[in-house]
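Peer 1: My structure is below; once you've seen it, I'll send some questions.
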Amino acid sequence: MGSTAASDIKEILLTEAQIASRLAEMAAEIDRDYAGRDVLLVGVLKGAVMVMADLSRALQHPKVTMDWMAVSSYGSGTRSSGVVKIVKDLDADLAGKHVLIVEDIVDSGLTLSWLIKNLRTRGPRSIEVATMLRKPDAAKVEVDVKYVGFDIPNEFVVGYGLDYAEQFRSLPYLGTLQPHVYGG
Ligand code: 5GP
């Protein structure tokens, strides 16, 4: 590497402040919708770590629990195929619970629709989805995403949990990459 992460970023799409302010709005909606009901936040590793940390802390809701799953998608390159393997399963039993899946980004929606189907078989009382980012292709798949932070264009983005070859996850903002990072 040698250079700083910031010099690899072409454009900042969302600043730290924009993300924080939108997450506060989403948290207020979630607080209202889940008033009087326990909610289990389910995060998908690793991308959702930042959203989970910030969204959960913005909630006022008194009864929030959290659990994590890791999945790997068999796809060619960066496209996901919808064929998913569970690498780390949830610890929690979902029976009778109100589950809110917390996602970083929904692109084709294939991973998410597989996940919802899988979790539904475990007898939760409800399943909803909150995602920080949504790309245009997500509209083609029938996945009902209740809470969406930002609709973004069809560009590859990094930062705020999202990686390129495992790098850039720790950036507090969301950006696009300079071509030289891809070897261009
Ligand atoms: P899909 O919705 O296509 O099944 O896949 C979603 C997954 O693809 C995300 O969890 C993320 O890992 C990856 N992904 C999709 N778009 C982007 C992007 O713009 N940047 C990064 N870093 N990952 C992406």
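Peer 1: Considering amide H positions built from the backbone, and no H for Pro or chain starts, which residues 5 or more places from Leu14, or on another chain, come under 5 Å of its amide H?
Peer 2: Distant-sequence amide H within range of Leu14: Leu174.
Peer 1: Additional query: Per residue, how many Å² of accessible area does segment 132-171 show with a 1.4 Å probe?
Peer 2: 51
Peer 1: For segment 170-175, what does the Karplus curve 6.51 cos²θ - 1.76 cosθ + 1.60, with θ = phi - 60°, yield as ³J(HN,Hα) per residue in whole Hz, taken in order and with x for Gly and Pro?
Peer 2: Result, ordered by residue: 7, 5, x, 10, 10, x Hz.
Peer 1: About the Cα centre of segment 55-184, what is the dipole size in debye to 20, counting +1 per Lys and Arg Cβ and -1 per Asp and Glu Cβ, all else neutral?
Peer 2: The dipole magnitude comes to about 320 debye.
Peer 1: Top mean-square fluctuation among Thr121, Thr15, Thr111, Gaussian network model of the chain, C-alpha springs under 10 Å?
Peer 2: Greatest mean-square fluctuation among the candidates belongs to Thr121.
Peer 1: Expressed in nm², what is the orientationally averaged projection area of the convex hull enclosing the Cα positions of segment 11-141?
Peer 2: If I average the Cα hull's projected area over directions, I get 8.5 nm².
Peer 1: Tell me, what does the Kirkwood hydrodynamic radius of segment 139-184 come to in angstroms if you use every pair of distinct C-alpha atoms?
Peer 2: 12.4
Peer 1: Using only alpha carbon pairs under 8 Å that are at least six residues apart, calculate the relative contact order of the chain and give it in whole percent.
Peer 2: 24
Peer 1: Pull up all non-local amide H partners of Leu41: gap of 5 or more, or a different chain, and H-to-H distance under 5 Å with H placed in the peptide plane.
Peer 2: Thr65, Met66, Asp67, Leu100
Peer 1: With angles folded into 0 to 90 degrees, how steeply does helix 16-33 sit against the dominant principal axis of the chain? Use alpha carbons for both and round to 10.
Peer 2: Its long axis makes an angle of about 10 degrees.
Peer 1: Report, in listed order, any pair from Lys46/Lys135; Lys46/Lys117; Lys63/Lys85; Lys85/Lys146; Lys46/Lys88 with a Cα-Cα distance greater than 22 Å.
Peer 2: Lys63/Lys85; Lys85/Lys146
Peer 1: Report, to the nearest whole %, how much of the accessible area of segment 128-184 belongs to carbon and sulfur atoms, 1.4 Å probe, protein only.
Peer 2: 51
Peer 1: Each residue of segment 149-159 in turn: what ³J(HN,Hα) in whole Hz from Karplus with 6.51, -1.76, 1.60 and θ = phi - 60°, glycine and Pro shown as x?
Peer 2: Coupling constants for segment 149-159: x, 9, 8, 10, x, 7, 10, 7, 10, 9, x Hz.
Peer 1: Also: Could you tell me which residue out of Ile19, Ala92, Gly47 lies farthest along the dipole of the chain toward its positive end? Charges go on the beta carbon: Lys and Arg +1, Asp and Glu -1, centred on the Cα centre.
Peer 2: Ala92
Peer 1: Quick one: accessible area per residue over segment 1-42, 1.4 Å probe, rounded to a whole number of Å²?
Peer 2: On a per-residue basis, segment 1-42 sits at 54 Å².
The values are calculated or read from the model by the stated rules, or taken from the named source; none is laboratory data. Every value quoted in this text rests on a predicted model; they were computed, and no experiment measured them. Cβ sites come from the backbone with ideal geometry, for glycine too, and all protein chains shown count toward neighbours. Ligands, DNA and RNA are stripped out before the accessible areas are found, and what is left, the full protein with its side chains, is counted by its heavy atoms. Shrake-Rupley method; radii C 1.70, N 1.55, O 1.52, S 1.80 Å.
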